[in-house]
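Everything on this sheet refers to the single structure shown next.
The values are calculated or read from the model by the stated rules, or taken from the named source; none is laboratory data. Computed from a predicted structure; not experimentally measured. Virtual Cβ from ideal backbone geometry, glycine too; neighbours counted across all protein chains shown. Each accessible area value is taken on the protein alone, full model and side chains, heavy atoms only, with ligands, DNA and RNA left out. Shrake-Rupley method; radii C 1.70, N 1.55, O 1.52, S 1.80 Å.
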Amino acid sequence: MYLKSLYVKNFRNFRAIELDFEPGRNLILGDNGVGKTNLVEIVYFLSTFGSFRTYDDRDLLHFGESFFVVSGEYGDVEVKVRYSDEKEVFINGVKKRRLRDGFGTIPVIAFTSGDLDIVNGSPARRRRFMDIGISLYRRPYIEMLSLYNRAWRQRNSWLNQVKTGRELGAVEVWEEQLSRYASPIIKARVEHVNKLIDYAIPLFYSLTGQELKISYKEGGDYSNLGEQLRKMRDREIERGYTLYGPHRDDIVFWVDNHPAKTVASFGTKRALTVSLRMAQARILTEVRGEEPIIILDEIIGELDKERIGSLSKLMSEYEQVLIATAREDIRWGGNFNVYRIENKNGAPVIKKDN
Ligand SMILES: Nc1ncnc2c1ncn2[C@@H]1O[C@H](COP(=O)(O)OP(=O)(O)O)[C@@H](O)[C@H]1O
Ligand SMILES: [Mg+2]
């Protein structure tokens with residue numbers, strides 16, 4: 001399935017758009033700053049109800065506006081998100097009680113320049129990479145995360161209260177919940193990382209000829225987290241913070257046996273993030289039985305010719321690929337639908353080449 005149409009009101013520099021998309025490869029061209037990334041950000045937002053560039057939805061409001069609406073037709077499903085103070089999600093016109101009930105209705109995997117943070121950034125960035133990757137094919141995981149986070153906050157607040165001399169109810173309740181909700185989270189993450197290993201390692205080798213290793217770093221003693229939490233209670237009261245659990249998980253990448261974060265070059269890190277995203281796209285296809293829409297925001301222009309060739313071969317597996325770039329020369333064999341964004345009197349105008 002593919003994204004057939006897009007409707008937008010007040011999202012970033014777009015006041016109003018109605019646009020039809022085609023299956024296959026869609027090239028979004030235009031000068032720097034014209035709104036190419038904003039356009040693909042809308043497609044990503046329709047999938048995950050969040051941006052790949054900001055955690056604050058207010059950044060997405062057209063300057064000075066108080067609401068935005070985006071909607072897209074994917075096969076015969078319409079997904080609509082409306083934001084003003086709060087986000088509301090409608091699937092085929094019916095409002096979802098919780099956002100997560102509509103999460104990932106449109107499967108999208110985006111390759112963006114910000115992906116370098118998966119290698120360079122904090123463990124939280126890598127957990128987010130896993131969490132979104134998993135949530136796109138397993139919605140109950142989102143609920144487990146939110147239940148876990150609630151128990152985690154409750155236990156932290158208990159630790160802090162005790163520190164200040166106030167006694168609260170039994171902490172055992174929160175510890176029991178922490179271990180209970182941790183276990184499906186850990187299981188899903190281990191599975192996801194194992195699948196990343198299966199897919200990303202050969203992809204990375206084909207792009208670089210280098211050997212990649214990926215490992216899941218547990219944020220606690222997962223053979224018995226409950227016991228660990230009990231034992232650590234006194235020390236944690238000092239800190240006012242729960243030290244062990246999935247909120248401390250991480251993934252580590254090695255290239256030719258060196259830690260990628262500190263040793264790999266820019267080009268190698270880019271090839272790594274491309275392999276990871278490609279692996280997530282394959283996992284989605286495998287688990288959902290449905291290909292994701294692929295977004296490539298600029299990164300293709302960073303690769304050398306040979307790697308562009310390999311990447312384009314990999315891309316041709318997918319039903320719909322959206323490529324945002326300022327480079328006119330990024331084309332390879334076969335057909336492209338070309339959309340041009342131009343700035344007319346300070347406002348973007350999108351035209352399709354015929
Ligand atoms: N909330 C917003 N409201 C209006 N314009 C915005 C908003 N956020 C970003 N912009 C504008 O969008 C433009 C950048 O768009 P972007 O999609 O990043 O460009 P590019 O085509 O280079 O990818 C800038 O001109 C910026 O001022
Ligand atoms: Mg851009």
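If you take the square roots of the eigenvalues of the alpha-carbon gyration tensor of segment 8-95 and sort them as a ≥ b ≥ c, do you get rounded (a/c under 1.5), prolate (a/b over b/c) or oblate? Kindly include the intermediate steps, with their values, before the conclusion.
Working: a/c = 1.77, a/b = 1.05, b/c = 1.69.
Here segment 8-95 falls in the oblate category.
Per-residue HN-Hα couplings for segment 269-285, Karplus 6.51 cos²θ - 1.76 cosθ + 1.60 at θ = phi - 60°, whole Hz, x for Gly and Pro?
Per-residue couplings from phi come out as 5, 5, 4, 5, 5, 5, 5, 5, 5, 4, 4, 4, 5, 5, 4, 4, 4 Hz.
Note down the magnitude of the dipole of segment 211-313 about its Cα centre, charges +1 on Lys and Arg C-beta and -1 on Asp and Glu C-beta and zero elsewhere, to the nearest 20 debye.
The calculation lands at about 140 debye.
Treating only the Cβ of Lys, Arg, Asp and Glu as charged (+1, +1, -1, -1), what charge dipole size does segment 127-288 show about its Cα centre? Round to the nearest 20 debye. Present the calculation step by step, with values, prior to reporting the outcome.
On the way: 27 positive and 19 negative charges, 98 e Å.
Dipole magnitude for segment 127-288 comes out near 480 debye.
In the full protein assembly as shown, how much of Phe45 is accessible to a 1.4 Å probe, in Å² to the nearest 10?
Only protein atoms counted, so the area is about 0 Å².
What share of the DSSP beta bridges in the chain is antiparallel, in percent to the nearest 5?
Numbers: 42 of 60 bridges.
Among the beta bridges of the chain, antiparallel pairing accounts for roughly 70 percent.
May I ask for the net charge around Asp249, where only other residues with Cβ less than 13 Å from the Cβ of Asp249 are counted and Lys, Arg are +1 while Asp, Glu are -1?
+4
Can you give the helix-only mean residue ellipticity at 222 nm for the chain, where every DSSP H stretch with n ≥ 4 adds -39500 (n - 2.57) and the sum goes over all residues, rounded to the nearest 500 deg cm²/dmol?
That calculation yields -13500 deg cm²/dmol at 222 nm.
From the backbone phi of segment 210-222, what are the Karplus-calculated ³J(HN,Hα) couplings (6.51 cos²θ - 1.76 cosθ + 1.60, θ = phi - 60°) in whole Hz, Gly and Pro given as x?
Residue by residue, segment 210-222 yields 10, 9, 10, 10, 10, 9, 8, 9, 6, x, x, 8, 7 Hz.
Which whole-Hz ³J(HN,Hα) couplings does segment 94-101 yield from phi under the Karplus relation 6.51 cos²θ - 1.76 cosθ + 1.60, θ = phi - 60°, glycine and proline marked x?
So the J values, rounded to whole Hz, are 9, 6, 7, 5, 10, 4, 5, 5.
Only Cα pairs under 8 Å and at least 6 apart count here; give the relative contact order of the chain as a rounded whole percent.
Values: 600 pairs, mean separation 86.7, N = 354.
Over the chain, the number comes to 24 percent.
Can you figure out the FRET efficiency of Glu191 with Val349, using R₀ = 56 Å and their beta-carbon distance, to the nearest 0.05?
Details: r = 46 Å, r/R0 = 0.81.
E(calc), rounded to 0.05, equals 0.80.
Across segment 127-288, what fraction of all alpha-carbon pairs, as a whole percent, falls in each successive 10 Å bin from zero upward?
The percentages, shortest bin first, are 10, 34, 27, 20, 9, 1.
Taking amide H positions as placed 1.01 Å from N in the peptide plane, with prolines and chain starts having none, which residues 5 or more places from Lys4, or on another chain, fall under 5 Å of its amide H?
Residues meeting the criterion, in which the H sits 1.01 Å from N, are Glu73, Tyr74, Gly75.
So between Leu116 and Asp101, what do we pick up on full extension, going 0.36 nm a residue minus the alpha carbon distance?
Extra length from Leu116 to Asp101 when fully extended: 2.4 nm.
Which one, Gly240, Leu229, Val173, is farthest towards the positive end of the dipole of segment 127-288 when Lys and Arg carry +1 and Asp and Glu -1 on their Cβ?
Checking the options against the dipole of segment 127-288, the answer is Gly240.
Take the Cβ-Cβ distance between Glu317 and His258 as r, set R0 to 35 Å, and report the resulting FRET efficiency rounded to the nearest 0.05.
0.70
Under the rule of at least 5 residues apart or a separate chain, name every residue whose amide H is placed under 5 Å from the amide H of Gly24.
Gln320, Val321
Would you work out the charge dipole size for the chain about its Cα centre, treating the Cβ of every Lys and Arg as +1 and the Cβ of every Asp and Glu as -1, and quote it to the nearest 20 debye?
Computed about the Cα centre, the dipole is about 660 debye.
Quick one: of Lys217/Lys269; Lys305/Lys351; Lys80/Lys187, which pairs are farther than 23 Å apart, Cα to Cα?
Table pairs above 23 Å Cα-Cα are Lys305/Lys351; Lys80/Lys187.
Counting only residues 5 or more places away or on other chains, whose amide H sits under 5 Å from the amide H of Ile295 once H atoms are built in the peptide plane?
Those qualifying (amide H under 5 Å, at least 5 residues apart or on another chain) are Ile109, Ala110, Phe111, Leu322.
On a straight-distance basis, which lysines could pair with Lys87 in a cross-link, Cα separation under 16 angstrom, same-chain partners fewer than 8 positions away excluded?
Within the straight-line limit of under 16 Å, Lys87 reaches these lysines: Lys9, Lys95, Lys96.
For His258, His62, His192, give the ranking by accessible area with the largest first, probe 1.4 Å.
From most accessible down to least: His258, His62, His192.
Based on the mean of other Cβ atoms within 10 Å per residue, sort peptides 178-185, 155-162 so the most packed one is first.
178-185, 155-162
Ordered by packing density, taken as the mean number of other Cβ atoms within 10 Å over each peptide's residues, highest first, how do 82-95, 124-137 rank?
Packing order, densest peptide first, comes out as 124-137, 82-95.
Ser215 versus Glu172, label points 7 Å from Cα toward the beta carbon: distance in nm?
For the pair Ser215/Glu172, the computed spacing is 3.7 nm.
Restricting to Cα pairs below 8 Å that are 6+ residues apart, what does the relative contact order work out to for segment 127-288? Please round to a whole percent. Don't jump to the answer; show the numbers that get you there.
Details: 180 pairs, mean separation 45.3, N = 162.
It rounds to 28 percent for segment 127-288.
Rg/Rh for the chain to two decimals, with Rh computed the Kirkwood way over all alpha-carbon pairs.
A ratio of 1.00.
Rg and Dmax in Å for segment 249-314, alpha carbons only: what are they?
13.5, 37
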